[in-house]
Amino acid sequence: MPLAAATFNPRIFFYAHADEKKLKRSLADALTIFPLLAGRMDARSSSLVLSDAGIPFTTVHLQEEPPEDITEEWIKRLADPRMPMRVGAGKEPIATVQLTFFPSGRAALCFSAAHVVLDGMSAFTVLNT
């Protein structure tokens with residue numbers, strides 16, 4: 001497995017409110033421009049295989065508000081818990097999205113992707129699509 005596949009970087013954005021349907025439509029639109037994000041790793045050839053499997057979009061409703069200073073524990077709660085080693089083995093998607101709602105109505109959107117596919121600038125480009 002390539003070492004870069006083991007690096008799974010979450011990017012978390014907080015919003016006063018979020019429209020789940022609109023976010024799902026935006027993700028679908030982004031995948032038409034960046035189809036590799038829906039791919040899977042092929043561990044035998046260390047390559048990325050295009051797929052129609054899509055990206056998992058998980059919605060979570062928490063019963064508590066996040067702290068003002070986000071800790072590592074909270075990052076784990078706000079990010080889809082896919083295992084990076086399983087991504088590199090082709091058993092998990094290379095990108096995930098988790099939308100977390102809080103009791104106040106605020107929301108956190110976490111986009112995670114394997115570094116083998118998206119570096120910082122590439123992620124910035126995808127997220128601004």
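Observations, loosely collected:
- Flag for Asp29 being open to solvent by 60 Å² or more (accessible area, probe 1.4 Å), part of a helix (DSSP H, G or I) and modelled with pLDDT of 80 or more: yes
- Contact map, the stretch 35-48: residues that are closer than 11 Å to Val117 by Cβ and in contact (Cβ under 8 Å) with a residue 60 or more places away in the chain paired with residues that are of a type in the set (Lys, Arg) and open to solvent by less than 70 Å² (accessible area, probe 1.4 Å), Cβ distance under 8 Å, separation 6+ or inter-chain. Pairs shown: Leu48/Arg40.
- Index of the failed condition, Glu65 passing every other in (1) open to solvent by less than 50 Å² (accessible area, probe 1.4 Å); (2) in a loop (DSSP other than H, G, I, E, B): (1)
- Flag for Ser51 being free of Cβ contacts under 8 Å to residues at least 12 places away in the same chain and either open to solvent by less than 70 Å² (accessible area, probe 1.4 Å) or in contact with a Cys (Cβ under 8 Å, 6 or more places away or on another chain) (or both): no
- Residue in the stretch 54-61 that is open to solvent by less than 30 Å² (accessible area, probe 1.4 Å), assigned to a strand (DSSP E or B) and of a type outside the set (D, E, K, R) present: no
- Candidate set: the stretch 76-94, residues that are under 16 Å from Asp42 (Cβ atoms), buried (at least 20 other Cβ atoms within 10 Å of the Cβ) and among the aliphatic types (A, V, I, L, M); chosen: the one modelled with the lowest pLDDT: Val87
- Taking the criterion of being open to solvent by less than 70 Å² (accessible area, probe 1.4 Å) and within 21 Å of Thr125 (Cα to Cα), the residues of the stretch 32-48 that qualify are Phe34, Pro35, Leu37, Ala38, Gly39, Arg40, Leu48.
The values are calculated or read from the model by the stated rules, or taken from the named source; none is laboratory data. What you see is a predicted model; the values in this text were computed from it and never measured. So basically every Cβ, Gly included, is an ideal-geometry build from the backbone, and we count neighbours across all protein chains shown. Remember, those area values only see protein heavy atoms, side chains included, never the ligands or the DNA or RNA. Shrake-Rupley method; radii C 1.70, N 1.55, O 1.52, S 1.80 Å.
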